[in-house]
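A short worksheet on the structure shown next.
The values are calculated or read from the model by the stated rules, or taken from the named source; none is laboratory data. The structure displayed is predicted, hence computed values, not measured ones. So basically every Cβ, Gly included, is an ideal-geometry build from the backbone, and we count neighbours across all protein chains shown.
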Amino acid sequence: MARHIEATAAQDYSPFWTSGWPSEIEAALLDAVFTARATYGGTNTGVRRVISRWRAYRSTDHPDDLAALASFTDRPDALAEILGNRQRVAGNSTTKAEAVAKCAAVLVGCGVRAADQLFDADDQREAFTAIAGVGPKTWECALFLVGRRTLDALLHFVAFASDAVGRRVEGELAEHFLQLTAESMGAPHAALEHAVWRYQRRIGPAAPLPSLSEAG
């Protein structure tokens, strides 16, 4: 497993060896929206730069209240200026900054303001994905970054672990393999999961493989 990680998502070149934003829903939302068709970057470049600028504006290292982003719904250009980024969503219908503000507003309308209130609930998902330029992949990303592991995430872990061992492994075993590998590498489990998830998400589902039991 460690060799597979080094070959596909090594810490030396993957920018995703972070634990996400488990108690920072504002950062998670910015990350999820601005990651699309963009360079993730380091602390001061790409998506990470957007988050750094927002943190500076908020004067906090743990921005966890969506009401702050939602307040820019009627003035998205001001938010784009703060973030230093005027990239547009898929379809070019609006800026990513405006999409972020609208996503924040609809989630607040669903009773979600902090990271511990975000779940893969029907009302939250439907409101979020109804925003122009924002779809299911962005929703899954936001959930993952606050620490929610959905079936979609589990399937990516299974695909990665199966590729690593050359046999199909089940969900619990895949997660166990990742946990043991993180410990052996001295890396945070959540950071390894993040790097693996981003890699597998980019390349898509793995080809079917025989299970460990079928392989004998």
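Miscellaneous remarks
- Near pairs, Cβ below 8 angstrom, 6+ apart or cross-chain, from the stretch 14-32 (more than 18 Å from TRP54 (Cα to Cα)) to any residue that is charged (D, E, K, R) and surrounded by fewer than 23 Cβ atoms within 10 Å (Cβ to Cβ): SER14/ARG198; PRO15/ARG48; PHE16/ARG198
The rows are residues; the columns are (1) closer than 29 Å to LEU154 by Cα; (2) in a helix (DSSP H, G or I).
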| residue | (1), (2) |
| --- | --- |
| ARG37 | yes, no |
| TYR40 | yes, no |
| THR60 | no, no |
| GLU81 | no, yes |
| ALA97 | no, yes |
| VAL100 | yes, yes |
| ALA104 | yes, yes |
| VAL108 | yes, yes |
| GLY111 | yes, no |
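- Test: residue in the stretch 193-202 that is buried (at least 19 other Cβ atoms within 10 Å of the Cβ), under 19 Å from THR18 (Cα atoms) and of a type in the set (Val, Ile, Thr): yes
The rows are residues; the columns are (1) touching a Leu at 6+ places or on another chain (Cβ under 6 Å); (2) assigned by TED's automatic domain parsing to the domain that holds ALA90; (3) in a helix (DSSP H, G or I); (4) not basic (Lys, Arg).
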| residue | (1), (2), (3), (4) |
| --- | --- |
| ALA127 | no, yes, yes, yes |
| ILE131 | no, yes, no, yes |
| THR138 | no, yes, yes, yes |
| CYS141 | no, yes, yes, yes |
| LEU154 | no, no, yes, yes |
| ASP163 | no, no, yes, yes |
| GLU172 | no, no, yes, yes |
| HIS176 | no, no, yes, yes |
| LEU180 | no, no, yes, yes |
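- Condition met for LEU69 (in contact with an Asp or Glu (Cβ under 7 Å, 6 or more places away or on another chain) and either assigned to a helix (DSSP H, G or I) or without any contact (Cβ under 8 Å) to a residue 12 or more places away in the chain (or both)): yes
- Flag for PHE128 being in contact with a Cys (Cβ under 6 Å, 6 or more places away or on another chain), touching a residue at least 24 places away in the same chain (Cβ under 8 Å) and not basic (Lys, Arg): yes
- Index of the failed condition, ASP77 passing every other in (1) buried (at least 17 other Cβ atoms within 10 Å of the Cβ); (2) modelled with pLDDT of 95 or more; (3) in contact with a strand residue (DSSP E or B) (Cβ under 9 Å, 6 or more places away or on another chain): (1)
- Filter result for ARG113 (surrounded by fewer than 20 Cβ atoms within 10 Å (Cβ to Cβ), touching an Asp or Glu at 6+ places or on another chain (Cβ under 9 Å), basic (Lys, Arg) and under 30 Å from LEU151 (Cα atoms)): yes
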